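J.: First the structure, which I've put down as structure tokens, then a few questions once you've had a look.
The values are calculated or read from the model by the stated rules, or taken from the named source; none is laboratory data. No experiment lies behind these values; they were computed from the predicted model shown. Please note: Cβ atoms are built from the backbone with ideal geometry, for glycine as well, and neighbour counts cover all protein chains shown.
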Amino acid sequence: FPAADVVVVTVPFVAQGHLTQLLRLSHIISSYNIPVHFITTPTCIRQVVSRHRLSTAATHHIHFHEIPVRPFTTPPPHPTTPFPTHLQPSFDSTLHLRHPTTNLILSLSQKVNRVVVIHDVLMSYVVQDVKSIPNAETYLFQPPPPFYRSSSHWEKSGGPFPLEPELMNNLPSRDGISSPEFLKFLSLQQSHINFHIGELYDSSRIIEAKFIEYLEKEDTVGKKKIWAVGPLNPVQIATNATDSMSRHECLQWLDKQVTNSVLYVSFGTTTTFSDEQIRELALGLERSGERFVWVVRVGDTGGSCGFEGRTVELPEGFEERLCGRGLILRSWAPQLEILEHFATGGFMSHCGWNSCMESISMGVPMATWPMHSDQPRNAFFITNVLKIGIVVKNWERRNELVTADVVAEVVKRLMGSEEGAEMRRRAGELGGEVRESVAEGGVSRMEMDSFISYVSR
Ligand code: BUP
């Protein structure tokens, strides 16, 4: 691919999972020798740089633009309030990014033939002025997977859907996946979605071909081109001498464990359990008798302030009683490396789409515990469509406490039963196919190549 006279501007939504996806996409695009400009707030830049341990070598084609946003006037709600209320600061801060983003695109448009703007669907308001810049064009990045988008469309339109009707009868409802504030924010975005050229997904036709085809056929996006270019996460973690010296201590602990014997437990960046739920989970993990690595942290609060210092209380004596059978991580964990590790044999997860794609591509079966947004449908996709997961918490019982007994039973099924072993085998095979899809000649790589050809036409 010759470097055409084109630059890409990526505009992520200001929450970790969303930043991660567009940062990964930026990396891939820059590897085609196309300059990428990544625009967000200073807090988010700091967050992605430290959490992703970015080195200048890895990002030399990515230009980070920090846009200071006004200080928040009200403190954010406590992180245990239901999602996504505590992310209100994120919603507010995006609104301030509109003019700086337009100015950046405008100034780039005077230097190159074409500016390609790839924006999170939640940033449609921010990029609305691009339509008046003649040599700039927009592409919408959809953070949820095609299954979520296609099943939501089918709910409204009816008609045939590429899944057995009995399964569709059990599709989790979308009740309770969002707060009124978030719905208001979404509707603001919706009113600015209409002028993009195409849509990009962090998914692969290996796992979602029929849902992608449904979206293409059903014309849900007004005959927009769809590119499924995932997984965006690296599928092979490079380790060299320097990296191995700075390897996280949990990886050294995993090195000493038996193949597929450890459950990784993490519920993402946006939610915090109640003290009561933490207690049941801890006792359940203990009762299961299985080995685990558990990321116990307070959810992000829209990068504003306040709760970073709060810690989660575990039951008294819990850590001592484990006698080395479990590892508690209280800060940012190297999730991809953990999932890639030979000792990891299961992932108990909230089913954020990044976590699902990472687990799928590393061939790890899941125990599903969704909390909000697309997560209930992602969990359904993992357990009922790909059949590489077991339910811990059913969405229809979202207001109930998950007891220690339920946790222990699911963990034992996933980690210590024939059923779990069979799922692991299936997940392993699927993971292999998904990893191949991003290698030379694979379907996802070809879609990425086709996207790059299109934007540098
Ligand atoms: Br916690 C944690 N280390 O300790 P999702 C998360 N991650 O690398 P989200 C770590 O953050 P939604 C940690 O690998 C994934 O890439 C993880 O994204 C990484 O969930 C990302 O899974 C989390 O999409 O919620 O952002 O919590 O995306 O559903 O809004």
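J.: Residue check: is residue 400 in a helix (DSSP H, G or I), surrounded by fewer than 19 Cβ atoms within 10 Å (Cβ to Cβ) and not aliphatic (A, V, I, L, M)? Quick ask: steps written out before the conclusion?
T.: Numbers: in a helix (DSSP H, G or I): no; surrounded by fewer than 19 Cβ atoms within 10 Å (Cβ to Cβ): yes; not aliphatic (A, V, I, L, M): yes.
No: the conditions fail for residue 400.
J.: Quick test of your reading of the structure: residue 323 fulfils all but one of (1) hydrophobic (A, V, I, L, M, F, W, C); (2) under 13 Å from residue 265 (Cβ atoms); (3) away from the ligand (no atom under 12 Å from the Cβ). Name the failing condition by number.
T.: Result: residue 323 passes all but (2).
J.: Hey, another quick one. Inside the stretch 263-295, can you point out the residues that are farther than 16 Å from residue 355 by Cα and either part of a loop (DSSP other than H, G, I, E, B) or within 16 Å of the ligand (Cβ to nearest atom) (or both)?
T.: Of all residues in the stretch 263-295, those farther than 16 Å from residue 355 by Cα come to 272-292.
Answer for the stretch 263-295, where residues must be farther than 16 Å from residue 355 by Cα and either part of a loop (DSSP other than H, G, I, E, B) or within 16 Å of the ligand (Cβ to nearest atom) (or both): 272, 273, 274, 278, 281, 289, 290, 292.
J.: I would also like to ask the following. Would you please name the residue that is farthest from residue 197 (Cα to Cα), looking only at residues in the stretch 444-457 that are surrounded by fewer than 18 Cβ atoms within 10 Å (Cβ to Cβ) and more than 20 Å from the chain's Cα centre (by Cα)? Spell out the reasoning first.
T.: Here is the first cut: in the stretch 444-457, the ones surrounded by fewer than 18 Cβ atoms within 10 Å (Cβ to Cβ) are 445-446, 449-450, 453-454, 457.
Add one more test, that the residue is more than 20 Å from the chain's Cα centre (by Cα), and what stays is 446, 449-450, 453-454, 457.
Values: 446: 19, 449: 17, 450: 14, 453: 14, 454: 11, 457: 14 Å.
Only one residue fits best here, namely 446.
J.: Just to be sure, is residue 139 more than 16 Å from the ligand (Cβ to nearest atom), in a strand (DSSP E or B) and either of a type outside the set (A, V, I, L, M) or closer than 27 Å to residue 204 by Cα (or both)? Outline the logic, then answer.
T.: Working: more than 16 Å from the ligand (Cβ to nearest atom): yes; in a strand (DSSP E or B): yes; either of a type outside the set (A, V, I, L, M) or closer than 27 Å to residue 204 by Cα (or both): yes.
Criteria met by residue 139.
J.: Of everything in the stretch 194-209 that's out of contact with any strand residue (DSSP E or B) (no Cβ under 7 Å at 6 or more places or on another chain) and surrounded by fewer than 17 Cβ atoms within 10 Å (Cβ to Cβ), which residue is nearest to residue 92 (Cα to Cα)?
T.: Result: 194.
J.: Next question, about the same structure. Among residues belonging to the stretch 326-368 that are more than 8 Å from the ligand (Cβ to nearest atom), out of contact with any Phe, Trp or Tyr (no Cβ under 7 Å at 6 or more places or on another chain) and assigned to a loop (DSSP other than H, G, I, E, B), point out the one that is nearest to residue 258 (Cα to Cα).
T.: 343
J.: One residue is enough: does the stretch 300-318 have a residue meeting the conditions within 16 Å of the ligand (Cβ to nearest atom) and either part of a helix (DSSP H, G or I) or at pLDDT 95 or above (or both)? Please lay out each step first, then the result.
T.: Restricting attention to the stretch 300-318, the residues satisfying the condition of being within 16 Å of the ligand (Cβ to nearest atom) are 300-303, 307-308, 310-312.
Cutting the leftovers down to either part of a helix (DSSP H, G or I) or at pLDDT 95 or above (or both) gives us none.
No, that holds for no residue.
J.: Identify, from the list 315, 370, 365, the residue that is touching a residue at least 24 places away in the same chain (Cβ under 8 Å), in contact with a helix residue (DSSP H, G or I) (Cβ under 9 Å, 6 or more places away or on another chain) and over 18 Å from residue 293 (Cα atoms). Steps first, please.
T.: On the way: 315 fails: over 18 Å from residue 293 (Cα atoms); 365 fails: over 18 Å from residue 293 (Cα atoms).
Just a single option satisfies the conditions, and that option is 370.
J.: List pairs: first residue in the stretch 329-341 and touching a residue at least 24 places away in the same chain (Cβ under 8 Å), second residue within 8 Å of the ligand (Cβ to nearest atom) and acidic (Asp, Glu) anywhere in the structure, Cβ distance under 7 angstrom, at least six positions apart or on different chains.
T.: Close Cβ pairs satisfying both conditions: 335/358; 336/358; 339/358.
J.: Tally the residues that are within 9 Å of the ligand (Cβ to nearest atom), of a type outside the set (Asp, Glu) and modelled with pLDDT of 95 or more, restricting the search to the stretch 371-404.
T.: Of the residues in that region, 2 qualify.
J.: Hey, among 106, 19, 54, 25, which residue is within 16 Å of the ligand (Cβ to nearest atom), modelled with pLDDT of 95 or more and not in a strand (DSSP E or B)? First the steps, then the outcome.
T.: Details: 106 fails: within 16 Å of the ligand (Cβ to nearest atom); 19 fails: modelled with pLDDT of 95 or more; 54 fails: modelled with pLDDT of 95 or more.
The match here is 25.
J.: Select, from 260, 233, the only residue that is modelled with pLDDT of 95 or more, within 16 Å of the ligand (Cβ to nearest atom), in contact with a Lys or Arg (Cβ under 9 Å, 6 or more places away or on another chain) and over 18 Å from residue 369 (Cα atoms).
T.: Details: 260 fails: within 16 Å of the ligand (Cβ to nearest atom).
Answer to the check: 233.
J.: Go through the residues of the stretch 380-388 one by one and say whether even a single one is aliphatic (A, V, I, L, M) and either free of Cβ contacts under 8 Å to residues at least 24 places away in the same chain or in a helix (DSSP H, G or I) (or both). Working first, answer last.
T.: Taking the stretch 380-388 first, the residues aliphatic (A, V, I, L, M) are 382, 385-386, 388.
Filter once more, so that each one left must be either free of Cβ contacts under 8 Å to residues at least 24 places away in the same chain or in a helix (DSSP H, G or I) (or both): 382, 385.
Checked the stretch 380-388: at least one residue is aliphatic (A, V, I, L, M) and either free of Cβ contacts under 8 Å to residues at least 24 places away in the same chain or in a helix (DSSP H, G or I) (or both).
J.: Got a number for residues in the stretch 270-291 being at pLDDT 90 or above, polar (S, T, N, Q) and touching a helix residue (DSSP H, G or I) at 6+ places or on another chain (Cβ under 9 Å)?
T.: 1
J.: Also, I was wondering about something else. What is the one condition in (1) out of contact with any strand residue (DSSP E or B) (no Cβ under 6 Å at 6 or more places or on another chain); (2) at pLDDT 85 or above that residue 10 does not satisfy?
T.: Of everything listed in (1) out of contact with any strand residue (DSSP E or B) (no Cβ under 6 Å at 6 or more places or on another chain); (2) at pLDDT 85 or above, residue 10 misses just condition (1).
J.: Would you tally the residues in the stretch 403-438 being within 19 Å of residue 279 (Cβ to Cβ), crowded, with 18+ Cβ neighbours inside 10 Å and among the β-branched types (Val, Ile, Thr)?
T.: Of the stretch 403-438, the ones within 19 Å of residue 279 (Cβ to Cβ) are 403-411.
Within this subset, residues satisfying the condition of being crowded, with 18+ Cβ neighbours inside 10 Å are 404, 407-408, 410-411.
This time we only want the ones that are among the β-branched types (Val, Ile, Thr), so: 407, 410-411.
Residues meeting the conditions: 3.
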